[in-house]
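Some notes on the structure that comes next.
The values are calculated or read from the model by the stated rules, or taken from the named source; none is laboratory data. These figures come from a predicted structure and were not determined experimentally. Ideal geometry is used to build each Cβ from the backbone, glycine not excepted, and the neighbour counts take in all protein chains shown.
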Amino acid sequence: MRVSLNWLKEYVNLDGISVEDLAHRMTMLGLEIEAIEEPGAEIQQVYVGEILSIEPHPDADKIVVCKTNTGGPEALQICCGAKNMKVGDKVPTAIVGATLPGGFAIGRRKMRGIESEGMMCSGKELGLGDDHAGLLILPPDFPVGADAKPLLGLDDVIFEIEVTPNRGDWASMIGVARELAAYYNRPLSIPATPLNESAEAITGLTSVCIENPELCGRYLGRVMKNVQVGPSPQWLQSRLQAAGQRPINNVVDITNFVLLETGHPLHGFDYDLLAEHRIVVRAAKAGEKITTLDGQERPLATDMLVIADGAKTQCVAGIMGGSHSEVSENTTTVFLESAWFNPASVRKTSRALQLISESSQRFQRGADPEMAVYALERAAALMQEICGATVARGAIDQHPLPLPRKQVTLRHARCNALLGTPIDAEEQKDVLVRLGFSILVEDAASCTFHVPPRRHDVSMETDLIEEIARFHGYDRMDVSLPAVRPSAHVFAPQYQPERALRHFLIAQGLTEVFHWTFCNAQDAEKAGLAPALRDMVALENPLSEKQGTMRSSLLPGLLNHAAYNLNRGAASLAVFEVGPVYAPVWKNDLPTQELHLGMLLHGPSNGTHWSGAAKSYDFYDLKGLLEATLSHLGVDATFEPSTAGTFQPGQNASIVVGKQIVGTFGKVHLAVAKAFDIDPNLYLLELALDSLLSQAKPHGQFSAIPTFPPSKRDMAVVVDEAVPAGALAVAARAAGGSLLKSVELFDIYRSEGLGAGKKSVALNLSFQADDKTLTDNDTQKQWDKILKKLQTDYQATLR
Amino acid sequence: MKAALEALESGALDEIAGIDDLKILEESRVKYLGRNGQVTGILRGLATVSAEERPAMGQAANRVKQAIADALDAKKDTLEAAAFEKQTTAEAVDLSLPGRRPRPGHAHLIPQVADEIVDIFRELGFQVATGPDIETEYYNFDALNTPADHPARDSHDTFFVKPGVVLRTHTSPVQMRVMEKVQPPVAVVVPGRVYRVDYDASHSPMFYQFEGLLVDEGVSFADLKGTLMHFLERYFGPGHKVRFRPHFFPFTEPSAEVDISCTMCKGAGCRVCKHSGWLEVLGCGMVHPEVFKHANYDYEKYSGFAFGMGVDRLAMLRHAISSIGHLYENDLRFLEQF
């Protein structure tokens, strides 16, 4: 909301308060200032000039030469390209040395050989609206030679204020003035509304019937005859312009002005266009439509409140009028409406119609039923004054559902306890009284107040305490550090293990990525996700189709990450992501959310170095990282061949913990790489973390450092290519007995000598006893057992 | 025998003096001092010498043995020193060549900053709590004193999964989830992803918030101020002015927004702070009695404060990041800077 300082001063005396102090105070009262504008700050030396003569320019068709009196000793000769002025007009005139908005300086210059001693200005050149068609013709009563700036309101300061949703009563000039008047303890002056009512009573002209009092608690109206529709006077136009609105005609301008002034929306109907000249406030009928003032035809629902005449709907109540009964140049009689509509109903209708107006914004925050009375009287008085209207005697005031008058009790000690700052009882009461709360009963410890009807936000003690806090000033509140008592309950047992895991992965040289958790069907398909994972939690109102679902897997995001960075010249990728994935498996009203780990490797693992060639990441780099991660998590897993669609067959494994598949990894499938337009030498992993992180790791127990030396023996056996090498190590470990401390698979060898389809697998076996140095004989016995096991189980032969 | 000893000594010393190779030197040691060496042989021969001559002969033989051993050792030292000198010349490195650096991993800035904030509050006694990204409207709005017709809902631009289920628009629903589990005292902080239908240079449809909640007997607005001022000084460093000003949130009252003096212009006024000298960094307030009602907390007995802030914004302000987009594009050239 734009608040003009000059306008504000009509309601409250702000003498002696600088713009800076005022801005600070508004901020500290909760009127958040988003910007401060001084539209005329740069304008200097622009005066009211009277055009004395207009002569053609001897050498230019489009320029005239004027003599303009700006109050100086001699009239100025000014060349001008405008056409809309005549001799005797008064216009804003920038003399030599003047500056205009944008720092534009006026100098003495020649136009086609004729000297020009200044410039006569259009509205746009002074920052007043967009009208650049001609000069701004000033009212004839502006004194020649006067500084044009204050006369045009260009000495104003505009505060751009954000009004919080709880304070509908602030969304007006009087609302802001009332707050400042209360704070500075100065009187609030509200303009009087003198009316000369005609003999003709309103009761003979119209009637109002409220069919839905729960949606329309109060409805007031007046009838104005002999209305002369025309342009508004300058002062009214300036006010609207300062508020950022465009003047239209005096009737519309008056309703808009009163809206801005009082915060109460009004609506003017062309009385002659209302069927039977009467008003029915009712719910819309099924299938009803209305063409609103913005020219759009809108279908109405039966839970929407409308203002109808004797025949059909004329207005969406509290939101926007219809074009049929709109006030136009031909209007002579106006029915003026001032009502109180149910805030929730207005909000619901406004949302359903996607129609937000100044009016709907105010009604949905809760209007003031008392202000409805003043707003109507104020508008009637202005129409009488400005439009020459004859006001019919009396007003309609149907008030079927008066708002209950709220009472709230404040305990002074409670206020001080909650704020942690002692504020004495007198100050507490004083603040509330200044804000319009009236004391009903009081004793030493507490005080009960009547709440003014405009304060929809106040219904309990805390609301009063907030008022006291605002006025006392948050900056003057005490400061202390609480003695925090920790809760015994652990709310997020996974937080610390997750954090440790992330740091472990970063220490392995992986970079953490953090993606939006959105996905879409196309990416899921491109990534080759299993059908179950393509069934995702969908959004009803996504930002775009690309963010239409919630991701079911981290893989599409990682593939997009690869494409994004490879396209931007990244040589290698070694990244991980720890984050949630979602599934439409509903439990306790919500879809499932799980924490997953994703990894991505691609390109040279060690960067380029002058000392040798780079090594590219491969399957075993990823597997090694996975093994290290599982070891960090204290988890034993096995890997089983898998054929998930994302991966190249033969380079894909499932990660199995217990009997559960908890993840998958491998080399990306060529088709997936093509779909994402990336190099296929790319390795991906996804691991479900929830069960792994929640397994409480036992505290590590010390085992004695061996006193006796280990005895290391190698064993190389030849087996069929189909035998998994890892299986030999597992079998060796199983057969080696307690003396076998470790098995390390250290070489795979193939040659013509071994024969096609054969490979040699070399194991390093480390034997050790806790109580003696092993003899060759001890070791040999175990070694033989292992060999026998490999021969029996895998038809291995010693190489 | 004496003559033989003298000849052996002079011959050996001459020979050792002429050796310029460690291997040959070792052979020479074996030849003289080894188990079957010449000196050893003479010492063994002492057994045949008469008892009167033996001490003198023994002494002489040992002296020769020592002399040869000394010569061998001295020669070894010389040769080793020469060899090492040769090696140093041969192995001298070009110091100007780059080293083999381990490639470090980088924490993403958002979790990195969130971790740091968690640590500041953990020092004060707060504990981490978390909640689901996809939330019921009850927890996201209703339980937080924001019923369906509340105008505050308009400012949230909510993503809907289906009627009644939304992507949480703030981390505040976790307040209620925590309070439903335990009675006070409660002191939690909640980092997490949140979602709003909004996307431009300063808004991302997913962003990251940080929530805090303290409920106990006697918690006051002064405690709220003190806690957040401590946090802001720890996070932004000393020397920033802090301002609490009234604001509105449905689930706190009194409510405040907190500004710090602009990190770019130090309060002088610039584009980043829209020439106000202040930057809004968080919202907070005393927990609203309606929220306590939903949680079955005794409002007369307990009071509390809650606060919420954008981790994205805090990171952007401290690290001078111009657009929120950088945080979610995951461009490695960005990630590797932090």
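Details
- Hey, residue A:703 within 60 Å of the chain's Cα centre (by Cα), at negative phi, without any contact (Cβ under 8 Å) to a residue 12 or more places away in the chain and not in a strand (DSSP E or B) or not: yes
- In a residue-by-residue description of region B:98-109, the property of being under 28 Å from residue B:337 (Cβ atoms), surrounded by 22 or more Cβ atoms within 10 Å (Cβ to Cβ), at the interface with chain A (Cβ under 7 Å from one of its Cβ atoms) and touching a helix residue (DSSP H, G or I) at 6+ places or on another chain (Cβ under 7 Å) applies to at least one position.
- Residue satisfying all of: in region A:519-541; facing chain B (nearest Cβ under 7 Å) and buried (at least 16 other Cβ atoms within 10 Å of the Cβ); nearest to the chain's Cα centre (by Cα) among these: A:539
- Scanning region A:632-652 for residues that are over 43 Å from the mean Cα position of the chain (by Cα) and among the hydroxyl-bearing types (Ser, Thr, Tyr) turns up A:638, A:642, A:643.
- Set side by side, the residues A:592, A:629 differ, and just one is outside any helix (DSSP H, G or I), among the β-branched types (Val, Ile, Thr) and modelled with pLDDT of 95 or more, which is A:592.
- Residue that is nearest to the other protein chains (Cβ to nearest Cβ) [pool: residues in region B:129-156 that are among the small types (Gly, Ala, Ser), surrounded by fewer than 19 Cβ atoms within 10 Å (Cβ to Cβ) and in a helix (DSSP H, G or I)]: B:152
- Options B:194, B:219, B:166: the member that is closer than 22 Å to residue B:123 by Cα and either in contact with a Gly (Cβ under 8 Å, 6 or more places away or on another chain) or part of a strand (DSSP E or B) (or both): B:219
- For region A:333-388, taking the residues that are among the aromatic types (Phe, Trp, Tyr) and not in a strand (DSSP E or B), the one that is nearest to the other protein chains (Cβ to nearest Cβ) is identified as A:363.
- Checked against (1) outside the structural domain of residue A:383 (by TED's automatic domain parsing); (2) over 34 Å from the mean Cα position of the chain (by Cα); (3) within 30 Å of residue A:401 (Cα to Cα), residue A:169 passes all but condition (2).
- Which numbered condition residue A:495 fails, given (1) of a type in the set (Ser, Thr, Tyr); (2) at the interface with another protein chain (Cβ under 8 Å from one of its Cβ atoms); (3) within 23 Å of residue B:285 (Cα to Cα): (3)
- Counting only strands (runs of 3 or more DSSP E) that sit wholly inside region A:251-323, not one has at least 2 residues that are outside the structural domain of residue A:206 (by TED's automatic domain parsing) and within 30 Å of residue A:177 (Cβ to Cβ).
Here is a yes/no grid of residues against (1) in a helix (DSSP H, G or I); (2) in contact with a strand residue (DSSP E or B) (Cβ under 8 Å, 6 or more places away or on another chain):
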{"residue": "B:84", "(1), (2)": "yes, no"}
{"residue": "B:89", "(1), (2)": "yes, no"}
{"residue": "B:93", "(1), (2)": "no, no"}
{"residue": "B:107", "(1), (2)": "no, yes"}
{"residue": "B:115", "(1), (2)": "yes, no"}
{"residue": "B:121", "(1), (2)": "yes, yes"}
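- First in region A:680-692 and without any contact (Cβ under 8 Å) to a residue 60 or more places away in the chain, second anywhere and acidic (Asp, Glu), Cβ under 6 Å, 6 or more apart: none
- Whichever residue in region A:560-580 is over 17 Å from residue A:512 (Cβ atoms) and at pLDDT 95 or above and, among such residues, is surrounded by the most Cβ atoms within 10 Å (Cβ to Cβ): A:566
- The conditions of being crowded, with 23+ Cβ neighbours inside 10 Å, touching a His at 6+ places or on another chain (Cβ under 8 Å), closer than 25 Å to residue A:277 by Cβ and not aromatic (Phe, Trp, Tyr) are met by residue A:258.
- When we screen B:221, B:159, B:244 for residues that are within 21 Å of residue A:164 (Cα to Cα), out of contact with any Lys or Arg (no Cβ under 7 Å at 6 or more places or on another chain) and buried (at least 22 other Cβ atoms within 10 Å of the Cβ), the only hit is B:221.
- None of B:229, B:179 is facing chain A (nearest Cβ under 7 Å) and assigned to a helix (DSSP H, G or I) except B:229.
- If only residues of region A:608-626 that are surrounded by 17 or more Cβ atoms within 10 Å (Cβ to Cβ) and either in a loop (DSSP other than H, G, I, E, B) or aromatic (Phe, Trp, Tyr) (or both) are counted, the one that is farthest from the other protein chains (Cβ to nearest Cβ) is A:619.
- Among the conditions (1) within 30 Å of residue B:326 (Cβ to Cβ); (2) touching an Asp or Glu at 6+ places or on another chain (Cβ under 6 Å); (3) of a type in the set (Val, Ile, Thr), residue B:118 misses just one, which is (2).
- Yes/no for residue B:167 being more than 7 Å from chain A (Cβ to nearest Cβ), within 33 Å of the chain's Cα centre (by Cα), buried (at least 22 other Cβ atoms within 10 Å of the Cβ) and over 30 Å from residue B:322 (Cβ atoms): no
- Subset of region A:436-475 [under 14 Å from residue A:409 (Cβ atoms), buried (at least 18 other Cβ atoms within 10 Å of the Cβ) and either away from chain B (no Cβ under 14 Å) or in contact with a Lys or Arg (Cβ under 6 Å, 6 or more places away or on another chain) (or both)]: A:437, A:447, A:449, A:451
- Some residue of region A:581-596 being β-branched (Val, Ile, Thr), touching a residue at least 12 places away in the same chain (Cβ under 8 Å), facing chain B (nearest Cβ under 9 Å) and touching a His at 6+ places or on another chain (Cβ under 8 Å): no
- Residues that are farther than 21 Å from residue B:249 by Cβ and either touching a residue at least 24 places away in the same chain (Cβ under 8 Å) or among the hydroxyl-bearing types (Ser, Thr, Tyr) (or both), drawn from region A:425-443: A:427, A:428, A:431, A:432, A:434, A:436, A:437, A:438, A:440
- Only a single criterion out of (1) assigned to a loop (DSSP other than H, G, I, E, B); (2) touching a residue at least 12 places away in the same chain (Cβ under 8 Å); (3) not β-branched (Val, Ile, Thr) is not satisfied by residue A:73, namely (2).
- For region A:348-364, the condition holds for at least one residue, the condition being that it is among the β-branched types (Val, Ile, Thr), under 20 Å from residue A:263 (Cα atoms) and surrounded by fewer than 21 Cβ atoms within 10 Å (Cβ to Cβ).
- Looking at A:118, A:175, just one residue is in contact with a strand residue (DSSP E or B) (Cβ under 9 Å, 6 or more places away or on another chain) and of a type in the set (Gly, Ala, Ser), and that residue is A:118.
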